[in-house]
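Data block below; observations after.
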Amino acid sequence: MNKSFVTILIFITLFYTLSVVALFTMQRSMIYFPDKSRPAPVKGAVIAKVITQDQLLLEAWYFPASIPSKPVIVFFHGNAGNYGGRLFKAQHYIGAGYGVLLAEYRGYGGNSGSVSEHGLYNDGRAYIDWLVNEKSVQIDNIVLYGESLGTGVAVQMATEYDVAGVSLEVPFSSLVDVASNQYPFAPVKYLLKDRFMSIDKIAKINAPLLILHGHKDEVIPFKFARKLFNKAVEPKKITEFPKGGHNDLYDLYDFNAHTHVLGFLAGIDSHNK
C-alpha cells in the first residue's frame, strides 16, 4: 500500500476522532447559550421564587391574569438569551387578560446552576408546582408554551401534568434528530447526553396541541415539526409559516404567531366555560 495513502488515511482518522471527541466534550456549550444577567424589574411582574427538587433557588417573572377565569401560560424559552428577552411575546397574552409565567432556567437570567436536560425538567416542575401551591392556580387552567429548546421542556411537563393546552413554537422531534441533521458525519445518537426525545412522549399528551413552525427554519427544519405533529394525538393543529424562519414568527406581517396562539387560547377558554 502506498505510504502517502496510509499517512493521509491516518491523518483523516485522527482528525475525525478528535472532531468527535470535541463534539462530545463541548456538547452542552454548543446547545445552551445562556444570558446569565438578571433582567431589570418590569412593571406588573411578580418575582416568582421557586426551589427545585435538587435544591436550587430560581427566579422568574409572573404576571397574574387580569381576567381571573383565563388560563396562566407557563412560557419555556429557547436555548439562548434569558426570560427578559421574551417579554415582547408575553405582552400579547398579558394584554388579552391571560396570566403568564416567564419561567427561567438554572444558569440563565441570574440563576445559579449548570444546565442539563434533567435539570430543566426539575425547573419546569418547580414553576408549575409554585403556581399550584403558592398561587392557587388549577392544573387544568394552565397552558404550557414552549419555544425551540423549551418545547422539549413543555412536552415533558405535559406528560406529567394534566394541563389545559400545549403550544409549541418551532419544536423538534428530538435533539438527536436536530444534531444528526447538523452533524451528519458524527454518531450523535451515541454521543448526546441531553436528548429531549419529544417524539417518544408527544402521543402521551391528551391536551389540545398547537404547533407553529416556519418552512424556512434552518435551525430546526420544518420536517421535524411535521414528524412530531404526525405522532401527536387529537385534538391537534399545526400552523405553517411559508416565509417563517426560526426566530421571526412574531415578526411576520399579517402572519404573526400570536394571533394563532390567541385563537388557540380562545378555544380553550370556550371549552372550559
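The values are calculated or read from the model by the stated rules, or taken from the named source; none is laboratory data. Bear in mind the structure is a predicted one, so any value in this text is a computation, not a measurement. Reconstructed Cβ throughout: ideal geometry from the backbone, glycine too, with neighbour counts over all protein chains shown.
Each residue in the stretch 89-109 was checked for being on the phi > 0 side of the Ramachandran plot and surrounded by 17 or more Cβ atoms within 10 Å (Cβ to Cβ), and 2 of them qualify. Of the candidates S136, S173, S180, the single residue that is at pLDDT 95 or above and more than 16 Å from the chain's Cα centre (by Cα) is S136.
Cβ-Cβ distances below 8 Å connect no pair with a first residue in the stretch 80-91 that is free of Cβ contacts under 8 Å to residues at least 60 places away in the same chain, a second residue that is assigned to a helix (DSSP H, G or I) and crowded, with 22+ Cβ neighbours inside 10 Å, and a separation of six or more residues or different chains. Can you confirm whether V72 is in contact (Cβ under 8 Å) with a residue 12 or more places away in the chain, closer than 25 Å to I268 by Cα and either in contact with a helix residue (DSSP H, G or I) (Cβ under 6 Å, 6 or more places away or on another chain) or not small (G, A, S) (or both)? Yes: the conditions hold for V72. Taking each residue of the stretch 97-108 that is within 12 Å of E59 (Cβ to Cβ) and basic (K, R) and looking for partners that are surrounded by 24 or more Cβ atoms within 10 Å (Cβ to Cβ) and at pLDDT 95 or above with beta-carbon atoms closer than 7 Å, six or more apart or interchain, yields R106/L58; R106/D123. Of all residues in the stretch 206-248, those being touching a strand residue (DSSP E or B) at 6+ places or on another chain (Cβ under 6 Å), crowded, with 17+ Cβ neighbours inside 10 Å and within 21 Å of L175 (Cα to Cα) number 11. Could you list, in sequence order, all residues of the stretch 208-244 that are touching a Gly at 6+ places or on another chain (Cβ under 6 Å) and acidic (D, E)? Answer for the stretch 208-244, where residues must be touching a Gly at 6+ places or on another chain (Cβ under 6 Å) and acidic (D, E): just D217. In the stretch 142-173, of all residues being among the polar types (S, T, N, Q) and farther than 21 Å from G244 by Cβ, the one that is surrounded by the most Cβ atoms within 10 Å (Cβ to Cβ) corresponds to Q156.
Could you check how many residues of the stretch 181-193 are closer than 19 Å to S116 by Cα and surrounded by fewer than 19 Cβ atoms within 10 Å (Cβ to Cβ)? Within the stretch 181-193, residues that are closer than 19 Å to S116 by Cα and surrounded by fewer than 19 Cβ atoms within 10 Å (Cβ to Cβ) number 4.
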